[in-house]
Structures are given as structure tokens and as C-alpha cells.
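Student: Dropping a structure here in C-alpha cells format, bear with me for questions.
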Amino acid sequence: MIDLNKRKASQIQGLYAITDPLLITDKLLFSSIESAILGGAKIIQYRNKLATEATQYEQALQLSKLCQQHQVSFIINDDPTLAKAVNADGVHLGQDDKKIADARKILGEQAIIGVSCYNQISNAQHAIEQGADYIAFGRFFPSNTKPHTIQADLQLLEQARQQLSIPIVAIGGITLDNASKVIKKGADAIAVIHSLFHDTQEIYNTAKAYQAHFKKI
């Protein structure tokens, strides 16, 4: 019998692509995500706070089907109810989102629940106690998407790697030039938005280059 925690942990490794709300057309959104997957992205998170609920549902549903087709994990940002509606693999929660217990009640034990812990190991330890399956730290570098968010130090990843038992995701300003720094410090996955999707003609090659960092280390 496969241990559920080990199965979940194995799904949170490598390039973690977060959708860019500036990919405004469905066609561009889906083609960009498929290019990222074909390039090696292992996890896709749908995040679009600018769209209507109806648009969020339609986009998330199609992305869920796409991820199932390619056998990559599909995560919804902030919204456990939407995650359940589109049969996503899980949800990512921020500090002000639904509590882990509430999300677990909606999604069940099989679901992957990730939590943003910014620059606080104590937040991560609490999240683990509450049943989180992975935690995210950051931002580690200047970020185009969230320029004013909390700054995290690379040493935090080393400490977290020693103290925490679940996968660690690094986020915030990660590029091809600095990705190896967070991976070497202990990140199991790197979450990327702008540097992956800003050039829609190069998404496949960029994703492939990101994934290559994990093979080198």
C-alpha cells in the first residue's frame, strides 16, 4: 500500500508554474500552460484574481483536464470550493485564506494542500501541525508579480530543510540565473510566473531550462 504522505510529497518537486493573469485570452492561457508542461513543469497552479467567477471556473476546468491529460498536478490558488468543482489535485492557501481544516473538509484527505509561510519557519511548523502537505517560502529575490511582499533569506531554506518534513517550495523573483541558489539551499520546487511566461514564444525552452537545474543538483 502506497503511503499517502509520500505520494503527495512526490508530486511537489521541480518546476511549479503559476498562471499569469496577463495571459488574457483562453487560447493564450491554455497554449502557454501546455508549453510549460511539455517543457517539464511538474505542478500547475491556477491563479487569476482579475477574472469573474464564471471565467475562473471555465478556465480552471479546462486546465484541470489538460493537467490530467499530461499527468501533472493541478492546484487552485485560494479557493477550495473551486478546486473541488473542477476536480483539481489541491489548493494553495495564503495567510488570509480558508483555514487548512476547512479546505481539508471540502477537498478530502487525498487533496494536496499547500500554505504560504513567507519568511517564518514557525508558520510552517504550525501549518504542518494543521495538516499542510507542502509549504512555500518567499519572496527570495525582487519580484515583478509581488514587488512589495515579505523578503525571505536564502538561509531560511537551509534551516527549513533541516527542520521540516514536507516539501518546500521557493517563490518570488526566481529566474534561470538564480534558480540553482534556492534549489541548492533546499527547495524541492520553484514557483515561477513572470520569467516563465513573459515571452510566450519561449515558454517550452524556458521550462526545460528550469527543469534542467534539478537534474544538475
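Student: So what is the relative contact order of the stretch 4-216, in percent, for Cα pairs below 8 Å that sit 6 or more residues apart?
Tutor: Relative contact order comes out at 22 percent.
Student: Given only helices, namely DSSP H runs of n ≥ 4 each adding -39500 (n - 2.57), what is the per-residue ellipticity at 222 nm of the chain, to the nearest 500 deg cm²/dmol?
Tutor: -13000 deg cm²/dmol
Student: What shape does the stretch 132-217 take by its C-alpha gyration tensor, where a ≥ b ≥ c are the square roots of the eigenvalues and a/c under 1.5 counts as rounded, a/b above b/c as prolate, and the rest as oblate?
Tutor: oblate
Student: Return the aspartates and glutamates within reach of K181: Cα separation strictly under 13 angstrom, same-chain partners fewer than 8 residues apart disregarded; answer none if there are no such residues.
Tutor: Within the straight-line cut-off, K181 pairs with D153, E158.
Student: For T200, T206, what's the fewest-to-most ordering of other Cβ within 10 Å of each Cβ?
Tutor: Ordered from fewest to most neighbouring Cβ atoms within 10 Å, T200, T206 come out as T200, T206.
Student: Please build a GNM for the chain, connecting alpha carbons under 10 Å apart, and tell me which residue among D89, D177, D26 fluctuates the most.
Tutor: For the chain, modelled as a Gaussian network with Cα springs under 10 Å, the answer is D177.
Student: Now, a different point. How much length, in nm to one decimal, is gained on full extension between S180 and Q125, taken as 0.36 nm per residue of separation minus their Cα-Cα distance?
Tutor: Length gained, S180 through Q125: 17.3 nm.
Student: If the reach is capped at under 17 angstrom between alpha carbons, list the aspartates and glutamates near K105, excluding any in the same chain fewer than eight residues apart.
Tutor: Partners found: D78, D79, D89, D97, E129, D133.
Student: What is the antiparallel percent of DSSP beta bridges lying wholly in the chain, to the nearest 5?
Tutor: 0
Student: Now, a different point. Classify the chain as rounded, prolate or oblate, taking a ≥ b ≥ c as the square roots of the eigenvalues of its Cα gyration tensor: rounded when a/c is under 1.5, otherwise prolate if a/b is larger than b/c and oblate if not.
Tutor: rounded
Student: Moving on. Comparing I44, I18, I106, which has the greatest mean-square fluctuation in the GNM of the chain with Cα pairs linked when under 10 Å apart?
Tutor: Fluctuation is largest for I106.
Student: Using a Gaussian network model on the chain with a 10 Å cutoff between Cα atoms, which of L157, L38, L63 fluctuates the most?
Tutor: Judging by the Gaussian network model, the answer is L38.
A short reminder: the numbers here are calculations on the coordinates, not readings from a lab. Just so we're clear, the structure is a prediction, and the values are computed from it rather than from any experiment. We place every Cβ from the backbone using ideal geometry, glycine too, and count neighbours over all the protein chains shown.
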